[in-house]
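Some notes on the structure that comes next.
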Amino acid sequence: MPEFIIQRPTWAEIDLDNLTFNFQSVRQFINKDIRFMAVVKADAYGHGSIECSKRLEAEGIDWLGVAMPEEGVELRQAGIRVPILCLGSFSAGQELTLLENNLTTVIYQIENAALLDAASLRSGVITNIHVKIDTGMGRIGVRVEDVREFAKELKRFSNVKVEGLMTHFAAADNLKENEFTNGQIRKFYEAVAVFRDKGFDPIYIDLANSPGAVAHPGSLGNMVRLGGILYGLGGDVLPKDIETPHLKPVLSLRTRIAHIKNVRRNETLGYGRTFKSERDSLIATIPIGYKDGYSRSLSNRGRAILNGHFVPVVGRISMDWTLLDVTDLPNSKIGDEVILIGVQNGLQISAEDIAAELGTISYEVTCSIDRRVPKFYNGKA
Ligand SMILES: *Cc1c(COP(=O)(O)O)cnc(C)c1O
């Protein structure tokens, strides 16, 4: 953290060189002449979408993927020029936002195709769209049984053009579901054939997310859409026991001891008095809480790294504060750096470790880091 910024000492460090490393590592692992979309929705899974996108753009990424037009506008306003796909389509009324910001959208409802067609006609342009097929995720997309009818109806619109066809895997991370995943691949290519049969000539054919791209070589199409593994979050979304690309974590979460005190044996600490000291103890208070994204469910369970050692979280995590039992590190003092996610002295706490403790995946852990936690980027964006 730069010394000249005076603020509450809780911050995230984003290692853009590791982002680059992961992109190159995955590209070499796949080793095929395909295109790469970096999925930077949700503020790049909490890593900062503008800075990550700028770095990826400089590294030659072909596309960026966002959830919604609002996220794409933010990137355009930051000067990012690579193609951007709105993976979740758009809401009625956002057509001009798409056109004015040169954002490409996913389409899976004929109503949205009609809205975009009309807006494009009024603006005198032909707008590319990517049609999403629901081959088994069951979330958004044209149902496979409706593909023929959908393709036929799209023919009515002369101001939208199908530039891509895509689908999304439900369980590509689970090799026990290979039959289901292969079924999704088969259904998708049947849909592609229907579109071609109707005279469409899509450029992009994409299916794979991170686990698809790593574990299902038959799903690469001619573009892959990578989120998690670019951020080094492979640990809980890639199948175990297969060859995977080498990945490095991009994010670390840090703070500094704000207060420290001796407490007697048998004192209770924090809301609900859920912790009682079993010995005379040295207790450090750190300025991070559940608002910052350090989940309250880690109360009495989480751990941190302090001066090269693990120290346990004690008592309830509150909105702004967390307590650490540092009795075994008696030289601890106010201002000492504390790592909640990161590596020090050969010790590591990964987002995956925290996710496992919480019964979720690492994506939710990094996405939960709040805006009030400033981010510092090492390596030039
Ligand atoms: C989020 C998302 C991805 C990226 O998934 P990862 O598992 O993070 O690689 C790819 N495609 C779509 C449609 C998505 O919504």
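The values are calculated or read from the model by the stated rules, or taken from the named source; none is laboratory data. Owing to the predicted nature of the structure, the values given are computational and were not obtained by experimental measurement. Cβ: placed from backbone, ideal geometry, glycine included. Neighbour counts: every protein chain shown. Ligands, DNA and RNA are excluded from the accessible area calculation, which covers all protein heavy atoms including side chains. Shrake-Rupley method; radii C 1.70, N 1.55, O 1.52, S 1.80 Å.
One table, with the values for the structure above:
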| read-out | value |
| --- | --- |
| DSSP-defined antiparallel bridges as percent of all bridges, the chain, nearest 5 | 50 |
| Accessible surface of Glu100 - all protein chains present, 1.4 Å probe, nearest 10 Å² | 140 |
| Potential lengthening between Gln24 and Glu111 on full extension [0.36 nm per residue; Cα-Cα distance subtracted] | 27.4 nm |
| Mean separation of Cα contacts under 8 Å, 6 or more apart, over the residue count of the chain: relative contact order % | 18 |
| Lysines with Cα under 17 Å of Lys276, excluding same-chain neighbours fewer than 8 positions away | Lys261 |
| Set of aspartates and glutamates with alpha-carbon distance to Lys198 below 12 Å, sequence-local pairs under 8 removed | Glu149, Glu153 |
| With all protein chains modelled, accessible area of Thr244 [1.4 Å, Å²] | 60 |
| FRET efficiency estimate (nearest 0.05) - Cβ-Cβ, Arg35 to Glu267, R0 51 angstrom | 0.30 |
| ³J(HN,Hα), Karplus 6.51/-1.76/1.60, whole Hz, each residue of the stretch 158-173, x for Gly, Pro | 9, 10, 10, 10, 6, 9, x, 10, 8, 9, 9, 7, 8, 8, 5, 7 |
| Label-point separation in nm, Glu278 to Asn222, each point 7 Å along Cα→Cβ | 6.3 |
| Debye log10 I(q)/I(0) at q = 0.23 Å⁻¹ for the stretch 210-297, Cα point scatterers | -1.15 |
| Hypothetical label at Met137: residues of the stretch 70-103 whose amide nitrogen lies under 20 Å (7 Å Cα-Cβ projection) | 70-73, 83-92, 103 |
| Accessible area (Å², 1.4 Å probe, nearest 10) - Phe29 | 60 |
| Probe 1.4 Å, protein heavy atoms only - accessible area per residue of the stretch 204-248 in square angstrom | 30 |
| Taking the convex hull of Cα positions in the chain, its mean projected area over all directions (nm²) | 20.8 |
| Given Lys155/Lys176; Lys41/Lys333; Lys32/Lys161, the pairs whose alpha carbons are separated by over 32 Å | Lys155/Lys176; Lys41/Lys333 |
| Spin-label pair Glu70/Val82, simplified geometry with 7 Å Cα→Cβ offset, distance in nm | 2.4 |
| Apportionment of accessible area to carbon and sulfur, the stretch 251-378, percent (1.4 Å) | 46 |
| Along principal axes, Cα extents of the stretch 251-378, largest first, whole Å | 39, 30, 25 |
| Eligible aspartates and glutamates near Lys54 by straight Cα distance, threshold 15 Å, same-chain separation 8 or greater | Asp15, Asp17, Asp43, Asp62, Glu71, Glu74 |
| Residue-wise HN-Hα coupling along the stretch 94-107, computed from phi with Karplus coefficients 6.51, -1.76, 1.60 (Hz; x: Gly, Pro) | 9, 4, 5, 4, 5, 5, 5, 9, 6, 9, 8, 10, 6, 10 |
| Integer Hz, Karplus 6.51/-1.76/1.60 couplings in order for the stretch 81-88, x for Gly and Pro | 10, 5, x, 10, 10, 8, 5, x |
| Heavy-atom accessible area per residue - the stretch 312-378, 1.4 Å, Å² | 47 |
| Relative contact order (%) - criterion: Cα under 8 Å, at least six apart; region: the stretch 282-381 | 28 |
| Protein-only accessible surface order, largest first, of Trp11, Trp321 at 1.4 Å | Trp321, Trp11 |
